[in-house]
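Student: Here you go, one structure.
The numbers here are math on the coordinates, done by the rules we state, and not lab data. The shown structure was predicted, so the numbers you read here are calculated from the model rather than taken from an experiment. Don't worry about glycine lacking a Cβ; one is built from the backbone with ideal geometry, like all the others, and counts go over all protein chains shown.
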Amino acid sequence: MSDTASTERGYSKSEIMIAASARLLGGAKNCFVGVGLPNIVCNLAQWTVAPDLQLIYESGAYGARPERLPLSIGDPTLVTGATAITSMYELFAYYLQRGLVDVAFLGGAQIDRFGNLNTTVIGDYDHPKVRLPGSGGACEIAIHARQILVIMRQAQRSFVDQLDFRTSPGHSGDPAHDAARGWSGSGPTAVVTDLGTYGFDETTGEMTLLTLHPLVTLEDVRANMGWDPRVADDLGETPAPSQDELRLIREELDPGGVYTK
Amino acid sequence: MQDAVRELVRDGDTVAIEGFTHLISFAAGHEIIRQRRRDLTLARMTPDVIYDQMIGAGVANKLIFSWMGNPGVGNLHAVRRRIEHADPAPLEIEEYSHFGMVCRYMAGASNLPFFPIRSYYESDIPSVNPKIVPMRSPYEDGTEVYVVPPLRPDVTIVHAQRADADGDAQIWGLLGCQKEAAFAAERVIVVVEEVVDEAVIRKDPNRTVIPGAIVDAVVEEPFGCHPSFAQGYYDRDNAFYLEWDRIAKDPETLDAWLGEWVYGLANHREYVEKFGRAYWDGLRPEPALSGEVDYGRYA
C-alpha cells in the first residue's frame with residue numbers, strides 16, 4: 001500500500017493495523033500490553049469488542065485505566081485507578097507463569113515463519129551489528145500467555161528465513177513436539193502487519209497469510225518477506241477500519257497522532 | 001549523598017540502582033559519576049538513561065541486565081557504542097529476561113543458592129549466558145525448569161517516597177524489585193523525597209517495603225529521581241527522555257551534558273535549582289488521595 005493509496009482510502013497503515021488487531025481481542029479478559037501500537041489496540045478493543053478487558057503491564061499494573069497515552073510501560077497514569085499494583089515477582093510468577101494471561105502482544109526486529117522472535121541482536125552475538133534491547137519479559141511471555149499476537153511492519157530485513165538470535169520461542173515446526181511442550185501458552189496465534197493479517201497453520205505451525213489489506217497485492221507481500229509465504233485457500237481482504245474505529249483512534253486514543261500517522 | 005556514596009560505593013563494586021521506570025535514583029548515579037568511581041559492575045533490570053549516563057561517563061566495565069533501552073523512546077547510545085564498537089572501551093554484558101533478573105534478586109534476598117523458573121525454553125539466551133542452567137524437578141512430575149544464580153550486589157541504591165531516620169522506607173505505585181534488590185545487597189542506600197517521623201511510618205505499616213535494619217544510609221533528596229518519577233510527587237519527564245536520545249547520540253554532546261549537569265554542579269540541590277521552580281511545578285500531578293483504612297486499636 002503506497003502512502004497515496006492510504007490517503008485515498010482515508011486511513012493510515014497504522015490505523016488499519018490497530019483496527020485489525022483490536023478485532024482479534026474479542027472476548028479476551030486479561031491482556032498483557034506493550035507501549036505504542038499495542039497500547040492503542042487494547043484501549044480500542046476495550047471501547048469496542050472487549051469491554052471487560054483487563055490491561056496488564058509488565059511494570060506491575062493490573063487492570064490499568066490510563067487517562068492519557070503512556071509513553072512507557074511504567075507511566076504513572078497506569079497506577080492511578082488501577083485494580084492492583086504488584087511487585088515484579090508477583091506479576092511474572094502469579095499472573096503470568098501461573099497462566100492467567102489470555103493474550104499478550106509481542107514484536108521484534110526479526111520474526112521467522114514459525115513466529116520465533118528476535119529482540120536481542122542483529123549479526124553475531126559477540127560482535128553485533130546492531131545491539132537490540134534484549135528479552136525484557138518477552139521470553140517468558142511467549143511461553144506462558146495463552147495467545148500471542150504480533151504487530152510488526154513487514155520488510156525483507158524483519159520477516160526473515162533465519163533469525164540471527166531466537167529470544168522468544170514460537171512454534172518449532174514439529175507439531176508433535178509443540179503439543180508435548182506442556183507450556184501454558186499456545187505460541188503465536190496471529191500476526192498483523194501493514195500489508196495483511198496472518199494466522200498459524202494448525203498442523204505445521206507455519207505463518208499463513210489470511211487477509212490482504214485493501215489495495216495490497218500478493219506480490220507486495222512476497223516482496224516484503226524473506227520466504228515464500230503459505231497462503232490460505234480462501235485468502236480474503238482485511239475489512240477497512242470503520243468510521244467509529246477511526247473516530248476513537250483519532251479523537252480518544254491518539255489525538256496527537258504520535259503512533260498512528 | 002556525597003557521604004553515602006563516598007563511604008558505601010567502592011571502585012570495582014557491583015552496584016544495583018533499581019526502580020522499574022519509577023523511583024530510579026538519578027541523584028545517586030550522578031554522585032557516583034561526580035566521584036569518578038571506576039570498574040563498577042552495574043546491575044539493573046532495565047538499564048535506562050541513568051546507566052547510559054554512567055556508562056558514558058566511564059564508571060563501569062560490566063553490565064548485568066534484562067532489557068536495555070530508553071523506555072518508550074529507543075536506544076541507549078552510549079551503551080551501544082561500547083558494545084558494538086568498543087568505543088571508547090569494551091563493555092562486558094551478562095543478560096537475562098526480566099523474570100530471570102527478578103529471580104536472581106529473589107535468590108539473593110532469600111539466601112538461596114538458585115531460583116527455578118519456567119522460562120528460557122527453546123530460547124538462545126542460555127546459549128550466551130552459561131549461568132542460566134536447565135534442571136529437572138526432583139519430584140515425580142520431573143518438570144524441566146531453568147535456574148538462575150543469586151545476585152548479591154555490593155551496594156543497592158533505591159529511591160522511595162519516604163522513610164524515617166532509621167531507613168524504614170515506604171513506597172507506593174510501581175514497586176519494581178526495590179525490596180528484593182535491597183534485601184539481596186551487602187550495603188543499602190535509601191534515597192527519599194522526604195524523611196518523616198517514625199510515627200508516620202508506624203501509622204501505615206503495610207506500605208513499608210524496606211526495613212531500616214538492612215539500610216546503611218538514608219538520604220533526603222527531593223526530585224532525586226528526575227527524569228524518572230515519584231508517584232504522587234512529580235511526573236515522569238518524558239520530554240527529557242526524548243531529549244536524551246539527541247544528547248547521547250554524539251559523544252561530544254553527551255560529554256558536554258555531563259559537564260554542565262553533573263561535573264559542573266556540586267550536588268543534586270544545585271541540579272534542582274538549575275531547572276528552576278517553574279519547571280518542577282510543571283511536573284507536579286493533581287492529587288489523587290487513597291482512601292484511609294482502619295487498622296484498629298488493640299490495647
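Student: Counting only residues 5 or more places away or on other chains, whose amide H sits under 5 Å from the amide H of B:ILE24 once H atoms are built in the peptide plane?
Tutor: B:PHE229
Student: Looking at the calculated P(r) for chain A, what percent of the C-alpha pair distances fall above 30 Å?
Tutor: 26 percent
Student: Could you pull out every residue, at least 5 positions away or on a different chain, whose amide H is within less than 5 Å of the one on B:ILE17? Hs are placed 1.01 Å off N in the peptide plane, and Pro or chain starts have none.
Tutor: Sorted by chain and number, the residues that satisfy this are B:ALA43, B:ILE157.
Student: So, in Å, what gap is there between the alpha-carbon centers of the stretch A:37-73 and the stretch A:140-190?
Tutor: 23 Å
Student: With the cut-off at 25 Å, tell me which of the pairs B:LYS179/B:LYS203; A:LYS129/B:LYS62; B:LYS131/B:LYS249; B:LYS62/B:LYS131; A:LYS13/B:LYS249; B:LYS62/B:LYS249 have Cα atoms farther apart than that.
Tutor: Violating the 25 Å Cα-Cα cut-off are B:LYS131/B:LYS249; A:LYS13/B:LYS249.
Student: Viscosity 1.002 mPa s, temperature 20 °C: give me the Stokes-Einstein translational D for the stretch B:204-299 in µm²/s, with Rh taken as the Kirkwood radius over C-alpha pairs.
Tutor: Diffusion coefficient, whole number: 128 µm²/s.
Student: With a cut-off of 8 Å between alpha carbons and a minimum separation of six or more residues, what is the relative contact order of the stretch B:143-299 in percent?
Tutor: Result for the stretch B:143-299 is 20 percent.
Student: What distance in nm separates the simple spin-label points at B:ARG277 and B:ARG36, each placed 7 Å from Cα in the Cβ direction?
Tutor: 3.7 nm
Student: Can you sort A:LYS13, B:LYS249 so the residue with the fewest Cβ neighbours within 10 Å comes first?
Tutor: Fewest-to-most ranking of A:LYS13, B:LYS249: B:LYS249, A:LYS13.
Student: Just the C-alpha atoms of chain B: what Rg/Rh do they give, with Rh taken as the Kirkwood radius?
Tutor: Rg/Rh: 0.98.
Student: Okay, helix-only estimate at 222 nm for chain B: each DSSP H run of n ≥ 4 adds -39500 (n - 2.57), divide by all residues, round to 500 deg cm²/dmol; what do you get?
Tutor: -8500 deg cm²/dmol
Student: Sticking with this one: Rounded to the nearest 0.05, what FRET efficiency is calculated for A:TRP227 and A:ALA180 with R0 set to 30 Å and r the Cβ-Cβ distance?
Tutor: 0.70
Student: Take the protein assembly as shown, drop everything but the C-alpha atoms, weight them equally and run the Debye formula without solvent; then report log10 I(q)/I(0) at 0.07 Å⁻¹ to two decimals.
Tutor: Cα-only, vacuum Debye calculation for the protein assembly as shown: -0.41.
Student: For the residue pair A:ASP52 and A:GLN162, what label-to-label distance in nm results when each label sits 7 Å from Cα along the Cα-to-beta-carbon direction?
Tutor: Result for the modelled spin labels: 4.8 nm.
Student: Fewest Cβ neighbours within 10 Å first, please rank A:SER14, B:SER110, A:SER135 accordingly.
Tutor: The order, fewest Cβ neighbours first, is B:SER110, A:SER14, A:SER135.
Student: Okay, moving on. Pop out the ³J(HN,Hα) list for the stretch A:108-115 in order, Karplus 6.51 cos²θ - 1.76 cosθ + 1.60 with θ = phi - 60°, rounded to Hz; leave Gly and Pro as x.
Tutor: In residue order, the calculated couplings are x, 7, 9, 9, 10, 5, 9, x Hz.
Student: Taking amide H positions as placed in the peptide plane 1.01 Å from N, state which residues far from B:SER119 in sequence (5 or more) or on other chains have amide H under 5 Å from it.
Tutor: B:TYR146
Student: Once the convex hull of the alpha carbons of the stretch A:120-261 is built, what does its volume come to per residue, in cubic angstrom?
Tutor: 152 Å³
Student: When chain B is modelled as a GNM with alpha-carbon springs shorter than 10 Å, which of B:ALA60, B:ALA165, B:ALA185 fluctuates the most?
Tutor: B:ALA165
Student: Further question: Measuring from a point 7 Å past the Cα of A:LYS29 along Cα-to-C-beta, which residues in the stretch A:173-200 have an amide N at less than 18 Å?
Tutor: Once the point is set 7 Å along Cα→Cβ of A:LYS29, A:184-186 turn out to lie under 18 Å by backbone N, inside the stretch A:173-200.
Student: Once the Cβ-Cβ distance between B:GLU84 and A:GLU90 is put in as r, and R0 is 41 Å, what FRET efficiency do you end up with, to the nearest 0.05?
Tutor: 0.70
Student: I would also like to ask the following. In nm², what is the average projected area of the convex hull enclosing the Cα atoms of the stretch B:1-99?
Tutor: 6.0 nm²
Student: Here is a follow-up. Between the stretch A:246-261 and the stretch B:32-69, what is the separation of their alpha carbon centroids in Å?
Tutor: 37 Å
Student: Work through the residues other than B:ARG37 whose Cβ is under 12 Å from its Cβ and net out their charges, Lys, Arg +1 and Asp, Glu -1.
Tutor: Net charge around B:ARG37: 0.
Student: Please rank A:ASP75, B:ASP87, A:ASP102, fewest neighbouring Cβ atoms within 10 Å first, as an exposure proxy.
Tutor: By the 10 Å Cβ count, ascending, the order reads B:ASP87, A:ASP102, A:ASP75.
Student: Let me ask something else. Taking the Cα centre of each part, how many Å lie between the stretch B:274-299 and the stretch B:132-203?
Tutor: After rounding, the separation between the Cα centres reads 23 Å.
Student: Let me ask you something else. What average count of beta carbons from other chains do you get within 10 Å of the Cβ of residues in A:140-147?
Tutor: Taking all residues of A:140-147 together, the mean is 4.
Student: What is the spin-label model distance, in nm, from B:VAL133 to A:LEU235 if the labels are put 7 Å beyond Cα along the C-beta direction?
Tutor: According to this spin-label approximation, the distance is 5.1 nm.
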